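Each remark here refers to the structure printed beneath this line.
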Amino acid sequence: DAIGALLDQTFTLLSLEQALSRVLAPVLELVGKGWASHELSVAQEHLISGSVRARLDSLLADARGDIRGVAVLACVPGERHELGLLMLGTLLRADGWQVAYVGADSPLGDALDLAERLDAAAVCLSATMREHLSALKSLDLPPEVTLTLGGAAASPTAARRLRGQYADGNLRRAVRELRRAAR
């Protein structure tokens, strides 16, 4: 209940972008560090992450007008860390995008097929573990689709190799760059 009350307070007092960038992203980083240093148990980490995921899922379900286009969001194969990508999805939805959120551990071929069927303007991929980047070597994206690569394992070099743009963790900037690219 306390986690839910804190999330309620955060989203009531702050704009969506501020709630995500100033509160949730730093808290999730601290939770990850707490888990890595054994200050938090797996159960505690899952409880916090699950509460945040549930809130983000409800925000993503908020149907807004499709004025920007379609964006397909997926974590690369093997990647289970999806909360950063989910935060990006909620900001894109609030910015007027139709978001097709595929989620964690997504087969790239399926995500790209979905993007083609939906005539997506953007595909956003997330990788937080370096070993999962190898799945991107055979990525074949149509030239009219903007690729954005983000997550802790992503880099400007990896994004350039894929002819995409790099999302450095600044969600506001990522949304602005996707909006600019979709014009």
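The values are calculated or read from the model by the stated rules, or taken from the named source; none is laboratory data. Nothing here was measured: the structure is a model prediction, and the numbers come from that model. Methodologically, a virtual Cβ is constructed for each residue, glycine included, from the backbone with ideal geometry; neighbour enumeration extends over all protein chains shown. Note: areas computed on protein heavy atoms with side chains; ligands, DNA, RNA excluded. Shrake-Rupley method; radii C 1.70, N 1.55, O 1.52, S 1.80 Å.
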Ala104's amide H: which non-local residues (gap 5+, or another chain) put their own amide H closer than 5 Å, with H modeled 1.01 Å from N in plane and none for Pro or chain starts?
-> Cys75
Which labelled figure in [x] -0.57, -0.79, -0.99, -1.16; [y] -0.46, -0.71, -0.97, -1.13; [z] -0.38, -0.64, -0.97, -1.21 is log10 I(q)/I(0) by the Debye sum over Cα atoms at q = 0.10, 0.13, 0.16, 0.18 Å⁻¹, once derived from the coordinates = [z]
Residue-averaged 222 nm ellipticity for the chain, from DSSP H runs of 4+ at -39500 (n - 2.57), nearest 500 = -14000 deg cm²/dmol
Got a number for carbon plus sulfur as a percent of the chain's accessible area, 1.4 Å probe?
-> 52 percent
Kindly report the accessible area of the chain per residue (heavy atoms of protein chains, probe 1.4 Å, no ligands, DNA or RNA), in Å².
-> 54 Å²
May I ask for the angle, rounded to the nearest 10°, between helix 171-182 and the longest principal axis of the chain, with both axes built from Cα atoms and the value confined to 0 to 90°?
-> 20 degrees
Find the centroid of the Cα atoms in the range 1-70 and in the range 85-131, then give the distance between the two in whole Å.
-> 18 Å
So how do 123-131, 47-55 stack up, highest first, on mean other-Cβ count within 10 Å?
-> 123-131, 47-55
